[in-house]
Amino acid sequence: MDVRFLQQLLEISRRMAETRELSPLLNYAMAIALDLFKAERGYLFLQQADGTLEFKVKIDRMGHEIPHPEEAISHTVYEKVIQTSQPFLSVDALTDPSLQDSASVQALQLRSVMCAPLITRSGILGALYVENRSQVAAFHDSDLQTLTFFASQAAVAIENAILNDTLEARVAARTAELQRAMEQLERSWIDAVDFNRMRTLVLSSVAHDIRSPIALAHSVLETIVSGVLGPLEDKQSEWIERAIHSLKLALELTSDIFDLVKSELGALRLAFKEVNLYDYLKHLFSIAQTMPMQPGVELRFQADDNLPAIVIDPVRIQQVVLNLLSNAQKYTSVGSITLYAQVYDERYALVGVRDTGMGIEPEQQMSIFDRFIQGSQDEATQRRGTGLGLAVSKELVERHGGQIWVESAPGQGSDFRFLLPWRSHEACVTTDAS
């Protein structure tokens, strides 16, 4: 990837990040993809809540809309990409062994085809699909890498635009509701507006505006430090790595805000699956071992290897566990941090993170899971977080039908514990409905 082409991609990413409305953004992304790869046709589709795909943009090289897109695209290709979350390239689909059983490929006489998933922290949004039926090997491996990079940038912008549309609709509805309440004098301003909710909405709007440029800056710095643009001196690499770490923290903050907003709007979806609880937590423990611990702190794991299987959203519970481990790491300078799990009773599993850190005052324990509340009054440790992580963890655990609490005493460490049903009620509803 030469410097000029990289600069072009970054400029395209900047344009997408500045586009807040969904429809213009999707049309722009598809037009750019067709132009970048000289493709004959392009499709951009998003995955709906029920798992079906909605074709948002379907155009040919001349900008004409393609009728009946579901009949003009290879189901085998896009299903492979959606199911594996991996990009796909075929230089000649008609002779590709992996597509030999595909009726759609034969019917459409596909030759060159590429498809890349639109993936964000929340999961897979959909995919970008481009094709060339008249030419074999119209796309190459380098094109697939470029499409994958482009799709990752587009996915962040698309998620922001979707949330923005949802927020604007909700704010408009809330404004109308407040106006009626004021006109009818049926309730007071305090009853009409919950302060925490309004504060979250305002912050989410601010977070939306800063998330895209932060993500873009993060991608640029990672590209530079990878050596694509040439070697760096040790000191340069050190400072760039520090900047990347700071940008990552900022992205995590905006993600926490978005998770809270999605929960309030009823848009936070959980993807339940059955997992082996011991193996799952052991994997999370291996991830936690990469965290920078204080020299005098030992990371431990305690769980029976015969724990029953459990039905959870593994991505969201990972978010909870790693957040608790991260909090323990921030406030523990000596001793140990232990991730543990056990059978609580026939209905629940108990998972916890116990540390030997500074502990929490009794009066703070009642509100520590509220938004923007931190357990430490120490100025140095307060600068390490915003108090959103525990609020998000509480939301996620309760969405599973569980509960979370802390047992702690000043100077004696903290024990953050949460219960998870062996089979979540929400998971049962989802399974029964399907």
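None of the figures in this text is laboratory data; all of them are computed from the coordinates on show. Just so it is clear, the model here is predicted, and its values are computed rather than measured. Cβ placement follows ideal geometry from the backbone for every residue including glycine, while neighbour counts extend to all protein chains displayed.
Here are the numbers for this structure:
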| item | result |
| --- | --- |
| Cα centroid separation, region 67-123 to region 1-60 (Å) | 17 Å |
| Positive-end residue, region 273-332 charge dipole about Cα centroid, Cβ charges, pick of Asn323, Ile287, Leu277 | Asn323 |
| Ranking of Glu395, Glu238 by count of other Cβ atoms within 10 Å, fewest first | Glu238, Glu395 |
| Packing-based order for 362-369, 87-94, using average beta carbon neighbours within 10 Å, highest first | 87-94, 362-369 |
| When each of Lys273/Lys330; Lys80/Lys273; Lys282/Lys394 is checked by Cα-Cα distance, pairs over 25 Å | Lys273/Lys330 |
| Using a Förster distance of 25 Å, the FRET efficiency for Asp279-Asp345 (Cβ separation, nearest 0.05) | 0.70 |
| In Hz, Karplus ³J(HN,Hα) per residue of region 120-130 (6.51, -1.76, 1.60; θ = phi - 60°; x = Gly, Pro) | 10, 4, 7, x, 8, 8, x, 7, 10, 10, 10 |
| Cα gyration tensor shape for region 3-159, rounded if a/c is under 1.5, else prolate or oblate | prolate |
